[in-house]
Amino acid sequence: MSRTVQCLVLGEEKPGLDRLPYPGDLGQRIFDNVSQEGWKKWLGHQTILINEYRLVPIEAKDRKFLEEEMEKFFFKGGSEAPAEFKPE
C-alpha cells in the first residue's frame, strides 16, 4: 500500500512519492509534503524553465537556479514562468 501525504501543491491528501526526488534537506521536505501528482507538476514547470532560459542542468549555476525555483514552487508560494513564455 502506498503512503499518502497532504500535498502542498494540490492542497489535498494524495499518494506520496516512493523515494526522495532530490538529495538533501530539500528532497526530504518534498518527500514529506508533496504528492506524486504535485511532483509531476514541478517537472512540467522545470521543463519550461530549462527550455525558456536555455539552462544546462550539469552547470552548477543552472542547478542552483533550478533548486531555488524548486524551493519557491513548493514552499514559497510558487515559481513564475518566464515572462516571454506563452503556453500552447
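Values in this text are rule-based calculations from the coordinates and carry no lab data. Everything quoted here is computed from the prediction, not taken from an experiment. Cβ atoms come from the backbone with ideal geometry, glycine included; neighbour counts cover every protein chain shown.
So which residues in the stretch 60-88 are out of contact with any helix residue (DSSP H, G or I) (no Cβ under 9 Å at 6 or more places or on another chain) and assigned to a loop (DSSP other than H, G, I, E, B), if there are any at all?
K76, G77, A83, K86, E88
Restricting the first member to the stretch 23-44 and to residues that are in contact (Cβ under 8 Å) with a residue 12 or more places away in the chain, and the second to residues that are in a strand (DSSP E or B) and hydroxyl-bearing (S, T, Y), the beta-carbon pairs closer than 9 Å and six or more apart or on different chains are S35/T4.
Here is the figure for the stretch 1-55: residues that are of a type in the set (S, T, N, Q), in a helix (DSSP H, G or I) and in contact with a strand residue (DSSP E or B) (Cβ under 8 Å, 6 or more places away or on another chain) total 2. Pairing each residue of the stretch 61-86 that is closer than 17 Å to W39 by Cα with any residue that is in a helix (DSSP H, G or I) and among the charged types (D, E, K, R), provided the two are 6+ apart or on different chains, yields C-beta distances under 6 Å for S79/E69; S79/K72. Please go through the stretch 30-88 and give me each residue that is hydrophobic (A, V, I, L, M, F, W, C) and on the phi > 0 side of the Ramachandran plot, ordered by number. Once the filter is applied, which keeps residues that are hydrophobic (A, V, I, L, M, F, W, C) and on the phi > 0 side of the Ramachandran plot, the stretch 30-88 yields nothing.
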